[in-house]
1. Hey, any hits in segment 383-393 for a residue that's within 12 Å of the ligand (Cβ to nearest atom), touching a helix residue (DSSP H, G or I) at 6+ places or on another chain (Cβ under 6 Å) and not in a helix (DSSP H, G or I)?
2. Go through 225, 234 for me and flag whichever is touching a strand residue (DSSP E or B) at 6+ places or on another chain (Cβ under 7 Å), within 16 Å of the ligand (Cβ to nearest atom) and under 27 Å from residue 361 (Cβ atoms).
3. Working only within segment 312-334, note down all residues that are within 12 Å of the ligand (Cβ to nearest atom), surrounded by fewer than 24 Cβ atoms within 10 Å (Cβ to Cβ) and more than 21 Å from residue 286 (Cα to Cα).
4. Within segment 177-216, work out how many residues are more than 14 Å from the ligand (Cβ to nearest atom), in contact with a helix residue (DSSP H, G or I) (Cβ under 9 Å, 6 or more places away or on another chain) and in a loop (DSSP other than H, G, I, E, B).
5. Mind checking which strands (runs of 3 or more DSSP E) fall wholly inside segment 1-120 and carry at least 1 residues that are within 18 Å of the chain's Cα centre (by Cα)?
6. Of everything in segment 61-88, what is in contact (Cβ under 8 Å) with a residue 24 or more places away in the chain and on the phi > 0 side of the Ramachandran plot? Give them in sequence order.
7. Given the conditions (1) surrounded by 15 or more Cβ atoms within 10 Å (Cβ to Cβ); (2) within 13 Å of the ligand (Cβ to nearest atom), report the number of the one that residue 376 does not fulfil.
8. Could you check how many residues of segment 161-176 are more than 30 Å from residue 236 (Cβ to Cβ) and either in a loop (DSSP other than H, G, I, E, B) or within 16 Å of the ligand (Cβ to nearest atom) (or both)?
Ligand code: ADP
């Protein structure tokens, strides 16, 4: 019996899911939020029950200890030795990692070396790694990178048209993100299409953050996020692609710094910025139904931008066998899917079974009709499972 825990350590949070890997059953999951505060929140789900506690949690080390104590207290494990592997989600692997890797000192040093590319995330992942290493020294560790799946892009897709020295000297290029999700969802679609050798798939990962990818023959050949997750489609609070001159123009006009402007593009833009209502897609839809014009505009821009990326990737791959929707909006918003598909269906020959689309909420479904030129799927993503599988594979468990 091999138990593996998937861990996603953020700057002030730690999400986890423990699997029994013999049959890939999730045993328990949860999140510790507001690490570093006196009112941190520890939520753990087990046996259909949810236990929520508010308590002071000084740092990630304490958070990990607390989590492991809870596993013992609740008799989820009898001893920590039962946990044979810890799989860590790592946001940025730079050009060092094109696949998951054993998390040892060398991997840790590389993750640290590119911390400037993900200043909030990479240091937090390292903190999580050291905390688990100390708490369960007998368990192996694996790093699973959000960027790895997109390392198969060609230079013509990942080099920015700016002086080349910024790539060679400063590592500026498109890296993409959500790679674990794009990999999982595209693999599921390949299984369903039954043509692993030749497949052209567009994955739409639409959550609070969102990105699209073009996956040809199982490999990512393009994706909408860039050097950082600020690029690409419009998101909950992130602008996605904008004319970079906007930055200096607004800084001059309103007397703010570049840092402040980047913060605005990250945290006050997107659905929230345009609608003025919320970053949450459900809230924006509700406001729109109540007649809020800016909420309507925000949603229209969101749809337009997703549709534009689908068009680009359709052209880049020379066609498309399947489009897959995933993550919070992609899995749950039948109206969002409907409007995106409305925007592309004439050009791409797509036909949707509206009844199936309407019912496909948070579950796997084929929502296109047999006549549709492109199959359209809803595929719930499962990044934690990919992390656990890679951990099992690399540790030979
Ligand atoms: P994260 O990027 O934080 O993982 P999620 O994948 O959880 O985000 O997606 C969050 C988004 O999904 C929010 O905008 C939320 O409004 C949207 N969402 C979740 N459920 C629904 C639903 N039933 N209908 C429409 N949107 C939904």
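The values are calculated or read from the model by the stated rules, or taken from the named source; none is laboratory data. Because the structure is predicted, anything quoted here is derived from the model rather than measured. Cβ coordinates were reconstructed from backbone atoms using ideal geometry, including for glycine residues, and neighbour counts include every protein chain displayed.
1. First pass over segment 383-393, keeping only residues within 12 Å of the ligand (Cβ to nearest atom): 383-384.
If we keep only those that are touching a helix residue (DSSP H, G or I) at 6+ places or on another chain (Cβ under 6 Å) too, we end up with 383.
From the residues that got through so far, the ones that are not in a helix (DSSP H, G or I) too are none.
No, that holds for no residue.
2. Details: 234 fails: touching a strand residue (DSSP E or B) at 6+ places or on another chain (Cβ under 7 Å).
Checking each option against the conditions leaves just 225.
3. Let us first name the residues in segment 312-334 that are within 12 Å of the ligand (Cβ to nearest atom), namely 325-334.
Imposing the further condition that a residue be surrounded by fewer than 24 Cβ atoms within 10 Å (Cβ to Cβ) reduces the set to 327-328, 331-334.
None; the set is empty.
4. 2
5. 3-9, 14-20, 25-33, 83-90
6. Answer for segment 61-88, where residues must be in contact (Cβ under 8 Å) with a residue 24 or more places away in the chain and on the phi > 0 side of the Ramachandran plot: there is none.
7. Against the list (1) surrounded by 15 or more Cβ atoms within 10 Å (Cβ to Cβ); (2) within 13 Å of the ligand (Cβ to nearest atom), residue 376 comes up short only on (2).
8. Result for segment 161-176: 2.
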